[in-house]
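Engineer: Input: one structure, supplied below.
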Amino acid sequence: MKQVISCTIGIICLLAFLMVNTNVQASGHEAVKKPSPDEVLKMLKEGNKRFYTGKAIHPHTDEARLKLAGSQDQGKYAYATVITCSDSRVPVELIFDAGVMDIFVIRVAGNVCNTDEVGSIEYGLGHVHTPVLVVLGHTQCGAVTAVTHALTGKGGKLERNIVPLINPIIPAVKKAMEMHKDVHGDAIIPYAVEQNVWQGIHDLFMKSPEARKMVKDGSAKVVGAIYDVGTGKVKWLPEEKVTQILKEVEASPNKATNMYAE
C-alpha cells in the first residue's frame with residue numbers, strides 16, 4: 001500500500017512539474033512565457049528517460065488537450081522543434097514522452113536540411129517560438145547506409161528523386177571515412193550518422209540567417225542528438241560543437257545573409 005501511495009504521489013508531482021514547465025494552465029485557455037532553452041532541454045531529457053525506462057506518462061493526449069488544440073495557437077504551447085528521419089522506428093513524441101502541441105516535428109529521410117526543411121525549421125523557431133531545435137539522427141539510418149554503400153561501391157541504382165534528397169549526406173559520410181581511416185565497410189556507418197547530424201546543423205546555419213541570429217542572441221539553442229532505435233535512449237552530442245560550426249559558418253563568404261525573401 002505504501003508503495004502504491006508513493007508511486008501515486010510521484011506521478012502527481014511529475015504532472016505538476018510538466019504543467020509548470022510547459023506553461024499550460026489547468027483551464028487550458030492561456031499559456032504564459034515559454035521555458036528557457038536549458039529548461040526545455042531538461043524536459044526533453046527527462047521525457048526520454050521516462051520513455052526508455054518504461055515510466056512514460058503520455059502527457060497532453062486527453063480530450064481537453066485536443067479541444068485546446070482546436071481553439072489555440074500552437075505557438076503558445078510548443079516548446080521544441082525537432083528535425084529527424086522519416087524512419088518508423090523514430091516516433092518523436094513518444095521518444096520524449098510528449099503530447100499534442102508540445103513538439104513541432106519535421107521529418108525527412110536522413111534528417112537532411114535542404115530548403116524545405118530549413119524553411120520548416122525557421123517556422124518552428126521564428127513563428128512557433130520554440131526555444132530549442134534538436135537535429136536528431138538515429139542508429140541504423142537507411143539514408144546514411146545508402147550513401148555509404150554508394151560511396152563504397154556496394155549500392156545499386158537509386159530512384160531519381162532519392163538521389164537529390166540524400167546528396168547532402170555525402171559530405172558527412174566522406175568526412176567520417178577521412179576521420180576514421182582504420183574503419184571499413186558498414187562499421188563506418190555509426191560514425192557517418194553522427195557526422196550527418198553535424199552536417200545538417202552546418203547546412204542549416206549556411207542557409208538560415210534567422211537561425212544563426214536566434215542562436216547568437218540566446219533566444220534559441222540548436223543541439224545535436226542521436227536516437228538508438230534498439231534501446232530508446234537519446235545520446236546528446238556536445239553543444240560546443242554547435243558553437244564551433246556556427247563560428248565556421250559566420251566566417252564563410254558563401255553563407256546566406258538576407259533573412260527575408262526579396
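Engineer: Yes or no: the stretch 121-131 includes at least one residue that is in contact with a helix residue (DSSP H, G or I) (Cβ under 7 Å, 6 or more places away or on another chain), among the hydroxyl-bearing types (Ser, Thr, Tyr) and either over 21 Å from Ile201 (Cβ atoms) or buried (at least 16 other Cβ atoms within 10 Å of the Cβ) (or both).
Structural biologist: Yes, there is a match, as at least one residue in the stretch 121-131 is in contact with a helix residue (DSSP H, G or I) (Cβ under 7 Å, 6 or more places away or on another chain), among the hydroxyl-bearing types (Ser, Thr, Tyr) and either over 21 Å from Ile201 (Cβ atoms) or buried (at least 16 other Cβ atoms within 10 Å of the Cβ) (or both).
Engineer: If you don't mind, another one. Checking the structure you have, find out if any residue of the stretch 59-70 is of a type in the set (Gly, Ala, Ser) and either closer than 20 Å to Leu237 by Cα or under 21 Å from the mean Cα position of the chain (by Cα) (or both). Talk me through it step by step, then tell me what you get.
Structural biologist: Pass one, the stretch 59-70, residues of a type in the set (Gly, Ala, Ser): 64, 69-70.
Now restrict to residues that are either closer than 20 Å to Leu237 by Cα or under 21 Å from the mean Cα position of the chain (by Cα) (or both): none.
Within the stretch 59-70, not a single residue is of a type in the set (Gly, Ala, Ser) and either closer than 20 Å to Leu237 by Cα or under 21 Å from the mean Cα position of the chain (by Cα) (or both).
Engineer: Among the residues in the stretch 188-196, are any out of contact with any Phe, Trp or Tyr (no Cβ under 8 Å at 6 or more places or on another chain), among the polar types (S, T, N, Q) and under 18 Å from Val108 (Cβ atoms)?
Structural biologist: So the first thing to find is which residues in the stretch 188-196 are out of contact with any Phe, Trp or Tyr (no Cβ under 8 Å at 6 or more places or on another chain), and the list is 188-196.
So of that shortlist, the ones also among the polar types (S, T, N, Q) come out as 195-196.
Applying the additional criterion that residues be under 18 Å from Val108 (Cβ atoms) yields 195-196.
Scanning the stretch 188-196 turns up at least one residue that is out of contact with any Phe, Trp or Tyr (no Cβ under 8 Å at 6 or more places or on another chain), among the polar types (S, T, N, Q) and under 18 Å from Val108 (Cβ atoms).
Engineer: Are there any pairs, at least 6 apart or on different chains, whose C-beta atoms fall under 9 Å, with the first in the stretch 76-96 and free of Cβ contacts under 8 Å to residues at least 24 places away in the same chain and assigned to a helix (DSSP H, G or I) and the second surrounded by 24 or more Cβ atoms within 10 Å (Cβ to Cβ) and among the hydroxyl-bearing types (Ser, Thr, Tyr), and if so, which?
Structural biologist: So the pair list comes out empty.
Engineer: For the stretch 126-137, check the following and say yes or no: at least one residue is free of Cβ contacts under 8 Å to residues at least 24 places away in the same chain and of a type outside the set (Val, Ile, Thr).
Structural biologist: no
Condition check ((1) of a type in the set (Phe, Trp, Tyr); (2) under 28 Å from Gly126 (Cβ atoms); (3) without any contact (Cβ under 8 Å) to a residue 60 or more places away in the chain) across all residues:
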| site | (1), (2), (3) |
| --- | --- |
| Met179 | no, no, yes |
| Val183 | no, no, yes |
| Tyr191 | yes, no, yes |
| Glu194 | no, yes, yes |
| Val215 | no, yes, yes |
| Glu239 | no, yes, yes |
| Val242 | no, yes, yes |
| Tyr260 | yes, yes, yes |
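Engineer: Between Val193, Val163, Val144, which is farther than 26 Å from Pro35 by Cα, buried (at least 22 other Cβ atoms within 10 Å of the Cβ), out of contact with any strand residue (DSSP E or B) (no Cβ under 7 Å at 6 or more places or on another chain) and of a type outside the set (Ser, Thr, Tyr)?
Structural biologist: Result: Val144 is the single residue among Val193, Val163, Val144 that is farther than 26 Å from Pro35 by Cα, buried (at least 22 other Cβ atoms within 10 Å of the Cβ), out of contact with any strand residue (DSSP E or B) (no Cβ under 7 Å at 6 or more places or on another chain) and of a type outside the set (Ser, Thr, Tyr).
Engineer: Which residue, of Val147, Val183, is over 25 Å from Glu93 (Cβ atoms) and part of a loop (DSSP other than H, G, I, E, B)?
Structural biologist: The match here is Val183.
Engineer: If you go through the stretch 220-255 one residue at a time, how many are surrounded by fewer than 15 Cβ atoms within 10 Å (Cβ to Cβ) and either among the small types (Gly, Ala, Ser) or modelled with pLDDT under 95 (or both)?
Structural biologist: 3
The values are calculated or read from the model by the stated rules, or taken from the named source; none is laboratory data. On a predicted model such as this, the values are computed, not experimentally measured, just so you know. Every residue, glycine among them, receives a Cβ derived from its backbone with ideal geometry; neighbour counts consider all protein chains shown.
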